[in-house]
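Below is one structure, written out as structure tokens; the observations come after it.
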Amino acid sequence: MANLTTREADYSKWYNEIVEQADLAQHSDVKGCMVIKPYGYAIWENMRDVLDRFFKETGHQNAYFPLFIPKSYMSREAAHVEGFAKECAVVTHYRLKVDEATGGIIVDPDAKLAEELIVRPTSETIIWNTYKGWIQSYRDLPILINQWANVVRWEMRTRLFLRTSEFLWQEGHTAHSTKTEAIQEARMMLDVYEKFAEEWMAMPVIKGVKTANERFAGAEDTYCIEALMQDGKALQAGTSHFLGQNFAKAFDVKFASKEGTMDYVWATSWGVSTRLMGALIMTHSDDKGLVVPPKLAPLQVVIVPIYKDDSQLEQIGEVAHGIMKELKAKGISVKYDDDDSKRSGWKFAEYELKGIPVRLAMGPRDLENKTIEVVRRDTGEKQLVALDSVVGLVEQLMVDIQQNLFNRAKDFRTANITKAENWDEFLSILKNKGGFISAHWDGTSETEDKIKELTKATIRCIPLDAEQEEGMCVYSGAPSHQRVLFAIAY
RNA sequence: CGGGGCGUAGCGCAGUCCGGUUAGCGUAUCUGGUUUGGGACCAGAGGGUCGCAGGUUCGAAUCCUGCCGCCCCGACCA
């Protein structure tokens, strides 16, 4: 039965087992692709709905662009094609036929496409080719569009949610008349991601800028939110790019300014994906299973009856339905699990595995004493409370658990950002502790590459709030004026 | 694409070296009963192209050849 590998024993095995046993997703028959199961999808839908609201509140509209991109579009922007070429799925034919020799189905060699199509790894190229037709003057700007879509990147090694060949995401693509406005847009969306991560996922993130090595293919600047997982590895949870005029130039998108000049448009793009599911799992969950923050939980409260006979079950059911009605009136989702084919102990374990924030259990003793047992998933703490106070308590717990999860994750992160003043310290922290290493860097790709080669650690970001501080590069000893964050990353 | 491991019931595995009853165990499923405050117990039942294709043999899950797939570790990446 469901007994999880502990995090200490084998973290990645623990992760895989949670995904499978909590019914979040499974491997599909297609290599590298996943089936997102109803419970996992329900969490994703909650994420999506909140983000979608934020996007609309910040002036964006949803639209939809094609899955297929003409191969020639990909090559228009040099850095972009170089970044993605190695992982593109390509459609070459449009028809199958029965092979007369074998009776099997084969690709019809006569149905070759005149121009091959790329399955989008991201949509900048087809979107900018479309924007070209939408933009003539400054009056057409800004264009603020988001799309919810699937994308395909042919990955060599995949892990459910963290890296799959196909994944779900949203990609915002905006066009602006000035550089300043585009940068503001990219920064604003980064703030939206930060707010979502911290207040809904209860996952603390560090906002920063990527170094040239880690920058999105085709961007001038890539901003990111970086999170720290329980095993001390960093995870990029979202990115927002200032694309400069790169795509405008590649697709010849110009606008007539107020002053009558013809200028290239300034662009941004930004996205988060189903990878956030992986981030959620690895931020909060424990050896008993998944832990879902109340604000994203598809089911927030479960009520489990404990009984010996039908009359007890009936009485408990009556009380439970009363509580359910009150909780639902307060907007709290709740399920009463009176399934007779499972015992209470089994249910306890099952709902813990699925990360339901609060469990209520009621048995014969509670009936007699007008009490109910309340158990919170984040701490496992049990309390026996009077029936008439349970609804208020649960309402408070929704807030407390959300906050506690965030605080706990933030304390962990704070404890795992370590300063390294020299190369020996850097190596020692990486080996013995992990987490983020805050260190000086000389600003060169060469040094970053060398450090990666020696340690596998990369610069996760240059934090936006980093203090100016004179120092020496932890590797080369060259002068540096601020610290950056290194880590082993997912 | 390199290195390692593995394909046997829904899931997890034994059996393979050394060929020989009707292919077995745990779990899940179904039936009946007893149970029910932390993953219950007893009894019974159903469920298999042994990854695929050839070959050797009186006889192949087991030996040989080829192929396919998956997992882990590396190189690449959100």
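Quick rundown of the values:
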quantity	calculated
Charge dipole (chain A, unit charges on Cβ, about Cα centre) - positive-most of A:Leu113, A:Ala349, A:Asn129	A:Leu113
Estimated distance in nm for a label pair at A:Gln383 and A:Glu45, the labels positioned 7 Å out from Cα along Cα-to-Cβ	3.3 nm
Whether the stretch A:1-159 is rounded, prolate or oblate, judged on the alpha carbon gyration tensor where a/c under 1.5 counts as rounded	oblate
Residues A:His60, A:His93, A:His173 arranged by fewest to most Cβ contacts within 10 Å	A:His93, A:His60, A:His173
In degrees, nearest ten, helix A:344-353 long axis to first principal axis of chain A (Cα)	20 degrees
Backbone N under 13 Å from the A:Asp263 label point (7 Å along Cα→Cβ), restricted to the stretch A:148-188	A:176-183
Contour minus Cα-Cα distance for A:Lys13 and A:Ser75 (0.36 nm per residue)	18.4 nm
In nm, spacing of pseudo-spin labels at A:Ile105 and A:Leu313 (7 Å Cα→C-beta vector)	4.7 nm
Pair A:Asp23, A:Arg157: separation of 7 Å Cα→Cβ label points (nm)	3.2 nm
Using a Förster distance of 60 Å, the FRET efficiency for A:His93-A:Lys370 (Cβ separation, nearest 0.05)	0.25
Equivalent ellipsoid, the stretch A:331-450 (semi-axes from 5 times Cα gyration tensor eigenvalues, Å)	48, 16, 12
Two-site FRET efficiency, A:Phe412 against A:His321, from Cβ-Cβ distance with R₀ of 41 Å, rounded to 0.05	0.55
Contour excess over end-to-end distance, with Cα ends at A:Thr444 and A:Lys431 and 0.36 nm allotted per residue	2.3 nm
Extension gain (nm, one decimal) between A:Thr6 and A:Glu469, 0.36 nm per residue minus Cα-Cα	162.6 nm
Total charge dipole magnitude, the stretch A:301-404, about the Cα centre, Cβ charges on Lys, Arg, Asp, Glu only, Debye to nearest 20	280 debye
Helix axis angle, A:275-284 relative to chain A longest principal axis, alpha carbon, degrees	40 degrees
Karplus-derived HN-Hα couplings along the stretch A:29-35 (A = 6.51, B = -1.76, C = 1.60, θ = phi - 60°), whole Hz, x at Gly and Pro	6, 8, 3, x, 10, 10, 9
Residues whose placed amide H lies under 5 Å from that of A:Leu464, excluding near-sequence neighbours	A:Lys207, A:Gly208, A:Val209
Table column - 3J(HN,Hα) (Hz), the stretch A:175-181, Karplus curve with 6.51, -1.76, 1.60, x for Gly and Pro	10, 9, 8, 10, 4, 4, 5
Kirkwood Rh (inverse of mean 1/r, distinct Cα pairs), chain A, angstrom	25.2 Å
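Every number here is computed from the coordinates shown, using simple stated rules; none is lab data. Values in this document were obtained by computation on a predicted structure and should not be read as measured data. Here Cβ is always computed from backbone atoms with ideal geometry, including for glycine, and neighbour counts include all displayed protein chains.
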